[in-house]
Structures are given as structure tokens and as C-alpha cells.
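Chemist: Attaching a single structure in C-alpha cells format; questions to follow.
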Amino acid sequence: MPVRFTKMQGIGNDYVYVDCFNHPVPADPAELARAISDRHFGVGADGLILILPSETADARMQMFNADGSESEMCGNGIRCVAKYVFDHGIARRKRLTIETGRGVLSLDLELNDDRVSRVKVDMGEPIFEPSRVPTTLPGNPNYPSNAAADVPMEIGNEMLMVTCLSMGNPHCVVFVDEPTDHWVLRFGPRIERDSHFPRRVNVSFVQVLSPGEINLRVWERGSGETMACGTGACASCVAAAMTGRTSRKLVAHLRGGDLELLWGDDNHVYMTGPAVEVFSGEWPDRRD
């Protein structure tokens, strides 16, 4: 039976979504993610997200990267889940809750002509303890929870200073003069699979432009470089503010567009950005 899907994107971070309220759960989501995400032989996406019923929230998202590996959370993806849930009548409220691999998150919707245009997500509290990120890099006693912040990491013959934390999924933030291909394409895949990260890691290369503005590119675990990464932007905001490089409120410029970020006084990180539905179609449940 064909799989009915909807392609959506949040500032260029694109996923294929399957409505499992109204259609069956795909037989093999990991294999479907690998096939449908292929940008030459498939629909083309950074991965697959299933929109599922939840016992504790308006909906549950289950996400698979382009390589078929499962991930806990996607900041741009959850905004698109909220848009789909509202626009397609699953839950018609301006505040929604979505169950994710990092727990239930709350989202506030901005509407234009009764359709969702932007979403503010309460991304929850950052996790600093190295064992919970997880990373085997040493903690730095100068930072909260002995965070692995501004600690040295050797990659080949290079020594980098990195800051590691989790936004429900693991992140490694590297501050650079400019996030060039030299950094992203050379070091991104090597850091992702470095032995210091037992569950692999997302890698953000961050240029601080001012106390309220950063520029970044992200190498995502299981997908490679993407046009944007919401959890990566949140992790970068926290890392930059915690290490005194920026304020706690800033705009992040990513390749696909901008996100508004706030690390609030309540220790929660708030992310606001657009969500766009691109097109819908059908995909065979197995490739011929």
C-alpha cells in the first residue's frame, strides 16, 4: 500500500511527514527514511517524521534521520508537526503539546488566514552534565553542572575548543571566525563520530557577530550538513551565552533563514521560526 506523505520545511530543514492519525504506520520507517530522503532517487529530505497519536499530548513525533537512524528531537521539525496538526484539523488550538523523545513540549502558534505561519517552541532546559549529553570529554568546574564548556578536543593533529550540551539530543558547539567549508565539511563528520560521543553528536560551527547575533552552520548526526538545525541553534545560543560571548536573547542566521532564540530566566530555551508545507504525494511502501 502506498504511503501518503507531506513534505514540509522550517527554514530549509526539510522532512517528509506521515500522518499516522489517518494512515497506517509505515512497515519499516528506518528503511523508508533512507529511501524517501534520497535527493536523487527519492523525494529528498533531511529525514522522515511520523505524526502519531499520543496519550499525553496533542500528538507525538517520531523522527528518523536520512541514514535511517532514529533521533530524539528536531526543533525545525516540531514546528512543522505543530503546523500540520493545526492546519489539518487534528487539534485546533493556538497552544499545542507535542510528545518527543525528550518529553512533552509546548508550542504557541502564530496564524495567518487561519493557517500556521510561525511557531514558538518551549524547547525545555538544556542538559549540561557530560554523562547526560552524553560525552566522555571532561567537565569544566567553571560552568554549571561541571559542563564540558570551552574544553579542548583533539581531532587528528588539530586541537579544538568545544562546548557540549544536550537539548534532548547531543550537541557540540565550536566557535570559529567564520563557519566555512573547511570547518563544516572537514571537521563535522569527524566530530560526529568521534569516540568522545557514544551516541554520535550534532556539530555547530558558530560565528559571533554581536552580543545579539550569531551566524552558524550545522553538521547533523545522521544527515550531514543541513540548511538549518533548530536544536543546534538553541544549543549554540546557550553555549554562547554561558561562555560570555553573547546575551541570552539573540537571532541566529542559518543557511536557510533566521531563528529567534531566548534562554529565559526560567532556564528554558525558546525558539521561534516559520513552518511551511511544500507538497503532498504518495510513495510505495517498498521500492520496486
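The values are calculated or read from the model by the stated rules, or taken from the named source; none is laboratory data. What you are looking at is a predicted structure, and each value in this text was computed from that prediction instead of being measured. Neighbour counts run over all protein chains shown; Cβ positions are idealised from the backbone, glycine included. Side chains included, ligands, DNA and RNA excluded: accessible areas come from the protein's heavy atoms. Shrake-Rupley method; radii C 1.70, N 1.55, O 1.52, S 1.80 Å.
Chemist: Which of the lysines could a cross-linker span from residue 7 if the Cα-Cα distance has to be under 21 Å and same-chain partners fewer than 8 positions apart are dropped?
Modeler: Answer for residue 7, where 21 Å is the Cα cut-off: 83, 120, listed by chain and number.
Chemist: OK, next. Take every Cα-Cα distance within the range 124-197, group them into 10 Å bins from 0 onward, and report for each bin the whole-number percent of pairs it holds.
Modeler: Binned Cα distances yield the sequence 20, 54, 25, 2.
Chemist: If eta is 1.306 mPa s and T is 10 °C, what Stokes-Einstein diffusion coefficient results for the range 174-224, Kirkwood Rh from Cα pairs, in µm²/s?
Modeler: Approximately 141 µm²/s, per Stokes-Einstein.
Chemist: A follow-up question, please. Over all directions, the average projected area of the alpha-carbon convex hull for the range 72-165 comes to how many nm²?
Modeler: Answer in nm², one decimal: 7.9.
Chemist: If you project the alpha carbons of the range 136-288 onto the principal axes, what extent comes out on each, in Å, largest first?
Modeler: On the principal axes, the range 136-288 reaches 55, 35, 28 Å in Cα extent.
Chemist: About its Cα centre, how strong a charge dipole does the range 1-106 have in debye, to the nearest 20, once Lys and Arg get +1 and Asp and Glu get -1 at the Cβ?
Modeler: I would put it at about 540 debye.
Chemist: List the residues whose amide H sits under 5 Å from the amide H of residue 3, counting only those 5 or more places along or on another chain, with H placed 1.01 Å from N in the peptide plane.
Modeler: Here 283, 285 satisfy the definition.
Chemist: What ratio of Cα Rg to 2.2 N^0.38 Å holds for the range 1-140?
Modeler: My calculation over the Cα atoms of the range 1-140 gives 1.09.
Chemist: Quick check for me: using +1 on Lys/Arg Cβ and -1 on Asp/Glu Cβ, what's the dipole size of the chain about its Cα centre, in debye to the nearest 20?
Modeler: In debye, rounded to 20, the chain gives about 160.
Chemist: I would also like to ask the following. Where does the charge balance sit around residue 96 when Lys and Arg score +1, Asp and Glu -1, over other residues with C-beta under 9 Å from its C-beta?
Modeler: Residues close to residue 96 contribute a combined charge of +1.
Chemist: Within the set of other residues whose C-beta is less than 9 Å from the C-beta of residue 219, count the net charge using Lys and Arg as +1 and Asp and Glu as -1.
Modeler: Summing Lys and Arg as +1 and Asp and Glu as -1 gives -1.
Chemist: Another question about this same structure. If I stretch the segment between residue 106 and residue 158 completely, what's the gain in nm (0.36 nm per residue apart, minus their alpha carbon distance), one decimal?
Modeler: Using 0.36 nm per residue and subtracting the Cα-Cα distance, I get 14.6 nm.
Chemist: Another one. What share of Cα pairs, in percent, lie more than 27 angstrom apart in the chain?
Modeler: It works out to 36 percent of all Cα pairs.
Chemist: Now, a different point. In terms of Cα to Cα distance under 17 Å, which aspartates and glutamates are near enough to residue 94, apart from those fewer than 8 places away along the same chain?
Modeler: Reachable aspartates and glutamates: 58, 108, 110, 113, 114, 122.
Chemist: Expressed in nm², what is the orientationally averaged projection area of the convex hull enclosing the Cα positions of the range 30-99?
Modeler: Mean shadow area of the hull around the Cα atoms is 4.8 nm².
Chemist: Could I ask something else about it? Below 8 Å, C-alpha to C-alpha, sequence gap of six or more: please give me the relative contact order for the range 178-288 in percent.
Modeler: So the answer I get is 19 percent.
Chemist: Let me ask something else. Pop out the ³J(HN,Hα) list for the range 256-268 in order, Karplus 6.51 cos²θ - 1.76 cosθ + 1.60 with θ = phi - 60°, rounded to Hz; leave Gly and Pro as x.
Modeler: Taking θ as phi minus 60°, the curve returns x, x, 10, 10, 9, 10, 9, 9, x, 5, 7, 6, 8 Hz for the range 256-268.
Chemist: What does the accessible area per residue of the range 40-171 come to in Å², with a 1.4 Å probe and no ligands, DNA or RNA counted?
Modeler: 40 Å²
Chemist: Using only helices, what value at 222 nm comes out for the chain when you add -39,500 (n - 2.57) per DSSP H run of length 4 or more and divide by the total residues, to the nearest 500 deg cm²/dmol?
Modeler: Helices in the chain give a 222 nm mean residue ellipticity of -5000 deg cm²/dmol.
Chemist: Would you work out which of 204, 157, 89 lies farthest towards the positive end of the dipole of the chain, given +1 charges on the beta-carbon of Lys and Arg and -1 on that of Asp and Glu, about the Cα centre?
Modeler: 89
Chemist: Once you compute Rg and the Kirkwood Rh from C-alpha atoms, what is the Rg to Rh ratio for the range 185-269?
Modeler: The Rg/Rh ratio comes out at 0.98.
Chemist: So for the range 1-50, what are the equivalent ellipsoid semi-axes in whole Å, largest first, each being the square root of 5 times an eigenvalue of the Cα gyration tensor?
Modeler: Gyration-tensor ellipsoid for the range 1-50: 17, 13, 8 Å.
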